[in-house]
1. Can you find a residue in segment 186-202 that is small (Gly, Ala, Ser) and under 30 Å from Arg37 (Cβ atoms)?
2. Is at least one residue of segment 140-160 closer than 19 Å to Ile214 by Cα, polar (S, T, N, Q) and assigned to a helix (DSSP H, G or I)?
3. For segment 167-197, how many residues meet the condition of being closer than 18 Å to Val90 by Cα and in a loop (DSSP other than H, G, I, E, B)?
4. Tally up the residues in segment 205-214 that are in contact with a Phe, Trp or Tyr (Cβ under 9 Å, 6 or more places away or on another chain) and either more than 17 Å from Phe256 (Cα to Cα) or surrounded by fewer than 18 Cβ atoms within 10 Å (Cβ to Cβ) (or both), please.
5. Scan the helices (runs of 4 or more DSSP H) fully inside segment 100-139 and keep the ones with 1 or more residues being over 18 Å from the mean Cα position of the chain (by Cα) and under 26 Å from Trp17 (Cα atoms).
6. Would a scan of segment 38-54 turn up a residue that is closer than 30 Å to Ala192 by Cα, surrounded by fewer than 16 Cβ atoms within 10 Å (Cβ to Cβ) and among the basic types (Lys, Arg)?
Amino acid sequence: MSAVNASIDMDGGYSEWEFEKTLDSNEVSQWLTSNMRIGLGFSAIYVMGVFAGKKYMEDKPKFNLRTPMLVWSLLLAVFSIFGAVRTASVMFEVIVEEGMRGLICGPRLYQGPITRFWGPVFVFSKVLEYMDTMFIILRKQRLIFLHWYHHLTVSLFAWWSFGAQFAGGGVFMTVNFIVHAMMYTYYAVRAAGIRVPRPIAVTITASQIIQMFIGCWTVYSVNSWRFDGDCKSCLEHVFYGSVMYGSYLILFMHFFYTTYLHPPTRKQDSKPATETPIVTEPEYVHLTTEGFNLRERKPKQP
């Protein structure tokens, strides 16, 4: 019995649920490669929507989208939690059986049970997550570069690299699921009107920085092993992965520093004392660049 077939019979992480048998990742990979133009089309529409949406909302009142945001965040939180639990269980078994090289270079993501379902679903979820930006634009919140840059590049890279079945994808996917499970749970709680201690926001942003370190290390490992024949990659894969994760790491660290360690100072408004002064710095700026500001700016009482 092959290792893959044997793993299906194992209890725990490798026991497939029925719906996890519905996708063939090899067929999905071929479809993604043959239809890269569709992925590019979604991304082009996203970028145009970002700038056109911001322009359109300039003279429009902001929308109150707390309930839709709660539903959206709950759906993504549940999806990410299931994805994290399922893929992490597989990845742990792979590390025990084959070590880190087997985890990064092995074919389990594309051919093994459980991950052959969650891999394709993960890729398509990156396109759906473009919706995050819609909430920011319609609520007229500050949209920073890292937010839409991160959404755009993750979606394109996931579509292309999964289609080619390049090494390292299992690590990227699992770590992303874990971070998103925490992140979207936080968003759901905040959208429900529950106050969350600031250290939790700091912890989640720090976890994203760790995610980028892991991404950089994974790309470095792939590049080190790609000439040995068992770690599928190419120069373009290593280059794009390095640029993507390297830029994320720099931008997230800068975001962490300016948001938590050295935030902008509050400025005194120059309006007459008879008017209510406005706090120029929001109490809560985007927890992470993938989500949306859930705490409204409130006038400071005189």
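1. Taking every residue of segment 186-202 in turn, none turns out to be small (Gly, Ala, Ser) and under 30 Å from Arg37 (Cβ atoms).
2. There is at least one residue in segment 140-160 that is closer than 19 Å to Ile214 by Cα, polar (S, T, N, Q) and assigned to a helix (DSSP H, G or I).
3. 2
4. 4
5. Helices (runs of 4 or more DSSP H) meeting the threshold: 108-111, 115-128.
6. Checking segment 38-54: at least one residue is closer than 30 Å to Ala192 by Cα, surrounded by fewer than 16 Cβ atoms within 10 Å (Cβ to Cβ) and among the basic types (Lys, Arg).
Let's see how each residue does on (1) over 23 Å from Leu152 (Cα atoms); (2) among the acidic types (Asp, Glu); (3) surrounded by fewer than 18 Cβ atoms within 10 Å (Cβ to Cβ):
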| site | (1), (2), (3) |
| --- | --- |
| Ala192 | yes, no, yes |
| Val196 | yes, no, yes |
| Thr203 | yes, no, yes |
| Cys216 | no, no, yes |
| Asn223 | yes, no, no |
| Phe227 | yes, no, yes |
| Cys231 | yes, no, no |
| Tyr260 | yes, no, yes |
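The rows are residues; the columns are (1) closer than 25 Å to Ser73 by Cβ; (2) modelled with pLDDT under 95; (3) among the hydrophobic types (A, V, I, L, M, F, W, C); (4) touching a His at 6+ places or on another chain (Cβ under 6 Å).
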residue: Arg190; (1), (2), (3), (4): yes, yes, no, no
residue: Pro197; (1), (2), (3), (4): yes, yes, no, no
residue: Gly215; (1), (2), (3), (4): yes, no, no, no
residue: Phe227; (1), (2), (3), (4): no, yes, yes, no
residue: Phe239; (1), (2), (3), (4): no, no, yes, no
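The values are calculated or read from the model by the stated rules, or taken from the named source; none is laboratory data. Everything quoted here is computed from the prediction, not taken from an experiment. All Cβ positions, glycine included, derive from the backbone under ideal geometry; neighbour counts span all protein chains shown.
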